[in-house]
Amino acid sequence: MTDTLHSEFIEQAVKNPAAPAVYSDAGVMTYGELDERSRALAERLVTDGAGPGVPVGICVERTPDLLVALLATLRAGSCYVPLDPDYPAERLAFMVRDSGTRLLLTTPASRANCPAGPTVVVLDESVRTEPGERPVPVVPEDTAYIIYTSGSTGRPKGVAIHHPGCVAMLAELDRVFEGCDLSGVSAASSVCFDMSVMEIFGALCRGGAVVLVQSAVHLPESPYADRITHLNAVPSVMNGLLDAGYLPPRVRTIVFGGEPLRRKLVDRAYAETGADRVFNAYGPTEGTVFCSFGLVPRDGAGEPTLGLPSAHARAYVLDEDRRRLPAGVPGELYIGGAGLAHGYVNRPETTAERFLPDPFVDGERMYRTGDVVTLTEDGELRFGGRTDHQVKLRGYRIELEEVEARLTGCPEVREAAAVVRGNRLIGYVVPEGDAGDDVRLDAALQSTVNGRLATELPDYMVPATLVFLPALPLAPGGKLDRAALPEPPAAGADAPMTAASTPTEVALAEIWGQLLDLEPAGIDVKAAFYDLGGDSLLLVRLARLMTRRFGRRVRVPDLFSFRDIASLGRWLDEESGATPEVVTSARRRANTRRAALRGRAASNGS
């Protein structure tokens, strides 16, 4: 079989079938079981029409079934198109149409979230075939996966990555991680983002185990957190986990990516964890996960660089005329090499704009990243910003133009702009009709607009705050002046509020005030944590502070269910400690999955 993204997983499964491959809330799955289940499902997919050039949608929640689905799709010769079940229906439907997906894998739990159109294969225990895989030939240019990123035109765009780029990426990981303990690799990234490729296949193709969690903020809740030796993290997420003291105890390697990394955080990572190696990785999806990797030394001086270009990537720092710039002179980064994507699905014009002929290597192409970097005297890359309006927010890649296009598509909105301030996405809106003369917040109008956005955009692209103003500020040339957009006014200054009225509510208001830098007496107990400036990272700290204060374990999933002080207070005051039906049913499903997996493991003699 030609080397593919998944071929070395199969080799590992043959060598060590009893070794643990996946740790999750549902228990432990061995290499042998993952191999057998994905093989059987692959044969079913081939029968249903999967094969080279056929994209298969993966709409599966974060259970071991997700890894079964990914591997089965690849083993069938197809490429996978990740479809997060929590994404808005309209976005999922667009991704399916745009990619040409006609076959879709899902589970009973996620079936209702799948877009209409493709033939649906429900992954369940009934998928069984006789041993003896019939391999599907894969040629070097076959696509391994298509990941959709935010698009500046207002529509997401699919990035098609081929198998040779993935194989080259895995080979580079071997070099970078030589001597690192990969026995437990955290997998907290959504499969809709390419960090997941490094997390999942970097472990399974090297004999390590994947520790599968819902997201990074759920790490403390994993029963297998103590198995994690290798952690991939976005800097802002790591800061939150460190603040809460929730890092897995056996972590030895930390890889940062997705946001600029600061020396202060590196120092904290070394000082407050057992890590002996900290890396900084950089790369757009178009370059197959990463194109530079740097070991950041302990007690180093100066801010971390992006490291040296990887062996599977060519990196050029060029001026506006695409001429090479010497060390020390900032310019735009262009990348090429084995990891370069095919281009964008159904976007020939955008592909031609971003994927250009490489003037330094005949017959090759290079990708215009839009990132401003400087080449150091040692040949490393130092990040300096963007040339456009793409941003990274908690590791998510967002084109501000897409957010703005969706905002202006709302009937209540005449004009809109979006910016990132701190770790929050802020929308600025000129409403239709009488826009007024002042800069203001409007909870009712924000609820209406964001309600529409939530049907079109994933959560991380819906502005945390909408600021309504009479007109957008313009630069002398008539273009939007983002720097002149005002700070959001204070929330709730004139609005009626419900003050804390029980001892529990008062205690919660004090904790929220501490985390959100608000006066406890001014916090409305019916206001959601997110509406007051909270985010998922602060939920980790909130859970820990509440556990200490009330002497009762509070988990991050509980805080997703009880979003304001009033509901939290009622829950904490219940003598029974009962949880709402949404939490109870979720735990019941997890226990059922766990029991089923353990039963299968027992029947296999493992």
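Among the residues of the stretch 290-317, write down those that are part of a loop (DSSP other than H, G, I, E, B), under 25 Å from Tyr148 (Cα atoms) and touching a strand residue (DSSP E or B) at 6+ places or on another chain (Cβ under 8 Å).
Within the stretch 290-317, the first condition is being part of a loop (DSSP other than H, G, I, E, B), and the residues that meet it are 290-291, 297-306, 310-313.
If we keep only those that are under 25 Å from Tyr148 (Cα atoms) as well, we get 290-291, 306, 310, 312-313.
Within the stretch 290-317, Phe290, Cys291, Leu306, Ser310, Ala313 qualify.
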(message) Looking only at residues that are assigned to a loop (DSSP other than H, G, I, E, B) and of a type in the set (Ser, Thr, Tyr) in the stretch 223-258, which one is modelled with the lowest pLDDT?
(response) Tyr246
(request) Just one of (1) touching a helix residue (DSSP H, G or I) at 6+ places or on another chain (Cβ under 6 Å); (2) part of a strand (DSSP E or B); (3) farther than 26 Å from Met195 by Cα; (4) not acidic (Asp, Glu) trips up Arg368, so point out which. (result) (3)
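Can Leu306 be described as more than 19 Å from the chain's Cα centre (by Cα) and either closer than 26 Å to Gly158 by Cα or surrounded by 22 or more Cβ atoms within 10 Å (Cβ to Cβ) (or both)? So that I can check it myself, show each step before the final result.
Details: more than 19 Å from the chain's Cα centre (by Cα): yes; either closer than 26 Å to Gly158 by Cα or surrounded by 22 or more Cβ atoms within 10 Å (Cβ to Cβ) (or both): yes.
So Leu306 passes the test.
For the stretch 189-222, give me the residue count where each residue is in contact with a strand residue (DSSP E or B) (Cβ under 8 Å, 6 or more places away or on another chain) and part of a loop (DSSP other than H, G, I, E, B). Steps first, please.
Of the stretch 189-222, the ones in contact with a strand residue (DSSP E or B) (Cβ under 8 Å, 6 or more places away or on another chain) are 189-200, 202-204, 208-213, 216, 219, 222.
Checking the rest, the ones that are also part of a loop (DSSP other than H, G, I, E, B) come to 189-194, 208, 213, 222.
Of the residues in the stretch 189-222, 9 are in contact with a strand residue (DSSP E or B) (Cβ under 8 Å, 6 or more places away or on another chain) and part of a loop (DSSP other than H, G, I, E, B).
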(request) Please specify each residue of the stretch 282-303 satisfying the condition of being among the hydrophobic types (A, V, I, L, M, F, W, C) and surrounded by fewer than 23 Cβ atoms within 10 Å (Cβ to Cβ). (result) Leu295, Val296, Ala301
(request) Would you please list the contacts, defined by Cβ atoms under 6 Å and residues six or more apart or on different chains, that run from a residue in the stretch 343-357 that is more than 13 Å from Thr149 (Cα to Cα) to a residue that is assigned to a helix (DSSP H, G or I) and at pLDDT 95 or above? (result) Asn346/Asp98
(message) Looking at (1) surrounded by fewer than 18 Cβ atoms within 10 Å (Cβ to Cβ); (2) aliphatic (A, V, I, L, M); (3) in contact with an Asp or Glu (Cβ under 8 Å, 6 or more places away or on another chain); (4) assigned to a helix (DSSP H, G or I), which one does Val449 not meet, given that it meets all the others?
(response) (1)
(request) Find the residue count for the stretch 228-266, including only residues that are in contact with a Cys (Cβ under 7 Å, 6 or more places away or on another chain) and either hydroxyl-bearing (Ser, Thr, Tyr) or without any contact (Cβ under 8 Å) to a residue 40 or more places away in the chain (or both). (result) 1
(message) Restricting to the stretch 404-440, and then to whatever is touching an Asp or Glu at 6+ places or on another chain (Cβ under 8 Å), crowded, with 21+ Cβ neighbours inside 10 Å and of a type in the set (A, V, I, L, M, F, W, C), can you tell me which residue is farthest from Tyr460 (Cα to Cα)?
(response) Val413
(message) Conditions first: (1) surrounded by fewer than 16 Cβ atoms within 10 Å (Cβ to Cβ); (2) among the β-branched types (Val, Ile, Thr); (3) under 30 Å from Gly339 (Cα atoms). Thr455 passes all but one, so which condition is the exception?
(response) (3)
(request) Count, please, the residues in the stretch 350-384 that happen to be surrounded by fewer than 18 Cβ atoms within 10 Å (Cβ to Cβ) and acidic (Asp, Glu). (result) 5
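Scan the stretch 530-558 for residues that are of a type in the set (A, V, I, L, M, F, W, C) and within 22 Å of Ala443 (Cα to Cα) and jot them down. Quick ask: steps written out before the conclusion?
First pass over the stretch 530-558, keeping only residues of a type in the set (A, V, I, L, M, F, W, C): 532, 537-540, 542-543, 545-546, 550, 554, 556.
Correct list: Leu532 only.
The values are calculated or read from the model by the stated rules, or taken from the named source; none is laboratory data. Computed from a predicted model, the values in this text were never measured in an experiment. So basically every Cβ, Gly included, is an ideal-geometry build from the backbone, and we count neighbours across all protein chains shown.
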